[in-house]
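Let me begin by presenting the structure, written as structure tokens, before commenting on it.
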Amino acid sequence: MPSPEFFQVMPVSDALRHLETHWQPGPQIETITTADALDRVLAAPIASPEQVPAFRKSTVDGYALRAADTFGASQSLPAFLTVGGELAMGEAPALDVGAGEALLIHTGGMLPTGADAVAMVEHTQAAGAGEIEVLRAAAPGENVIHAGEDIGAGERILPARRRLRSQDIGGLLAVGIASVDVLRQPRVGILSCGDELLPPEAAAPPPGKVRDINAYTLSALARKLGARPLRLGIASDDFADYQRRARDGIAACDILLLSAGSSVSERDYTRDVIDGLGQPGILQHGLAVKPGKPTILALCDNKPVIGLPGNPVSALLVARQLLPALVARYCGQPLETPRVVSARLTQRIASVTGREDWVALRLSEGEGGMRAEPVFGKSNLIFTLVAADALLRVPLNAGGYDAGALVDVELF
């Protein structure tokens, strides 16, 4: 008999909150090289072991000098300075700057003792052998980066739970931090089920058979979110086989996705399989969303388990609403806001009150801005999504949108 919980559907946001109140993620920590840490999440705050820069350096090509020797200098009344030589790059200065003296310096070069400013080469001109005219006064500290100006020794560089960006990698390496402790990427196990499924590399499936694509679209989604997908293979429509593979899968992962039957027909074993994976078990069966109404949300021994519909479009669209929140929660990260643009609908979109609908759209530039054309199709037709550029969320009680309505759409 159908389970009564299926008919007590719940909005996706409420179902996620219900699951998260029971879930206490316990991510593990691993050490990796900083150079390979892009998009990984720091396990702990990091302080700088040294100051950057370690020495005063010039920001321009010019002349290191004493600013006081240039006070009042102008085009009509330049300051004359003796050039004592050139400072080599990558070496500590062997020369000092005295009163009335200057040393040729290059961008990034270390300032010598006695100098407190650099005059840009454009603001000078040769005045004879070993002498220059400074055509503009230099202020103390002008064109100079001071030691520790970028970051000081002991100063915090990055907070815990920071997702590392390219500039963060550069900052860490600048202070010699060659390895970092990061949260291990959540392992998202994906188990498909169905006697009709074949591996995607199968040539010319016989009648009644189809290639399993859900494991691969879901893997791609998990990878895009910063998780590590684990494809667990294809279970047959045999309860014992399905249960054994699910138990092995949940032992190996942090989040388990079951791409199989989640409706209420007698051949759908997903509910019973999930019930055997741990406590508290199923928290919600049925979402107020189309496609994806029969989705199951469960927590089994502190690991989220999602029973997805088997149809490719339903499975992917529901996973797009659930998996980002789960991965973000695991990593202690805020949920990223989808990329949204405004577009005008080319035709009416109907919706049933009390249900959230997601509609695939094809976008094009038209008179007056972006146009959005619905790409209608059944939930087992993956090419309706291949042809789409964006998705429109029709809220629970909106009742749809009229043709010509200006709506916000989420870009893929």
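The values are calculated or read from the model by the stated rules, or taken from the named source; none is laboratory data. Fair warning: this is a prediction, and the values are worked out from it, not measured in the lab. Cβ atoms come from the backbone with ideal geometry, glycine included; neighbour counts cover every protein chain shown. Side chains included, ligands, DNA and RNA excluded: accessible areas come from the protein's heavy atoms. Shrake-Rupley method; radii C 1.70, N 1.55, O 1.52, S 1.80 Å.
Computed quantities for the displayed model
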| item | result |
| --- | --- |
| Selected residue (only one of Asp268, Asp272 is in contact with a Gly (Cβ under 6 Å, 6 or more places away or on another chain) and either open to solvent by 50 Å² or more (accessible area, probe 1.4 Å) or in a loop (DSSP other than H, G, I, E, B) (or both)) | Asp268 |
| Flag for Asp116 being touching a Pro at 6+ places or on another chain (Cβ under 6 Å) and either loosely packed, with under 14 Cβ neighbours inside 10 Å or among the aromatic types (Phe, Trp, Tyr) (or both) | no |
| Residues of segment 283-308 that turn out to be within 22 Å of Ile234 (Cα to Cα) and open to solvent by 10 Å² or more (accessible area, probe 1.4 Å), as a count | 2 |
| Odd one out for Ala325, checked against (1) aliphatic (A, V, I, L, M); (2) outside any strand (DSSP E or B); (3) more than 19 Å from the chain's Cα centre (by Cα) | (3) |
| Test: residue in segment 5-22 that is aromatic (Phe, Trp, Tyr), part of a loop (DSSP other than H, G, I, E, B) and touching a strand residue (DSSP E or B) at 6+ places or on another chain (Cβ under 6 Å) | no |
| When residues of segment 341-376 are limited to those that are at positive phi and outside any strand (DSSP E or B), the one most open to solvent (accessible area, probe 1.4 Å) | Gly368 |
| Count of residues meeting criterion [open to solvent by less than 40 Å² (accessible area, probe 1.4 Å) and out of contact with any Ser or Thr (no Cβ under 7 Å at 6 or more places or on another chain)] in segment 396-406 | 2 |
| Hits in segment 380-412 - residues which are out of contact with any strand residue (DSSP E or B) (no Cβ under 8 Å at 6 or more places or on another chain), closer than 26 Å to Glu336 by Cα and in a loop (DSSP other than H, G, I, E, B) | Ile382, Asn397, Ala398 |
| Pair list, Cβ < 6 Å and 6+ apart or interchain, from segment 298-315 residues that are among the basic types (Lys, Arg) to residues that are open to solvent by 10 Å² or more (accessible area, probe 1.4 Å) and assigned to a helix (DSSP H, G or I) | Lys303/Ile250 |
| Unmet criterion (only one of (1) closer than 30 Å to Arg187 by Cα; (2) open to solvent by 80 Å² or more (accessible area, probe 1.4 Å)) for Gln333 | (2) |
| Which numbered condition Glu196 fails, given (1) touching a Gly at 6+ places or on another chain (Cβ under 7 Å); (2) modelled with pLDDT of 95 or more | (2) |
| Residue within segment 69-88 that is more than 30 Å from Leu183 (Cα to Cα), assigned to a helix (DSSP H, G or I), of a type in the set (D, E, K, R) and at pLDDT 95 or above present | yes |
| Asp254 being out of contact with any Asp or Glu (no Cβ under 6 Å at 6 or more places or on another chain) and farther than 30 Å from Leu42 by Cα | no |
| Any hit, segment 319-328, residues being among the aliphatic types (A, V, I, L, M), in contact (Cβ under 8 Å) with a residue 40 or more places away in the chain, open to solvent by less than 30 Å² (accessible area, probe 1.4 Å) and in contact with a His (Cβ under 6 Å, 6 or more places away or on another chain) | no |
| Filtered residues of segment 189-243 (kept if within 30 Å of Leu38 (Cα to Cα) and open to solvent by 30 Å² or more (accessible area, probe 1.4 Å)) | Ile213, Tyr216, Thr217, Ala220, Arg223, Lys224, Leu225, Arg228, Leu230, Arg231, Leu232, Gly233 |
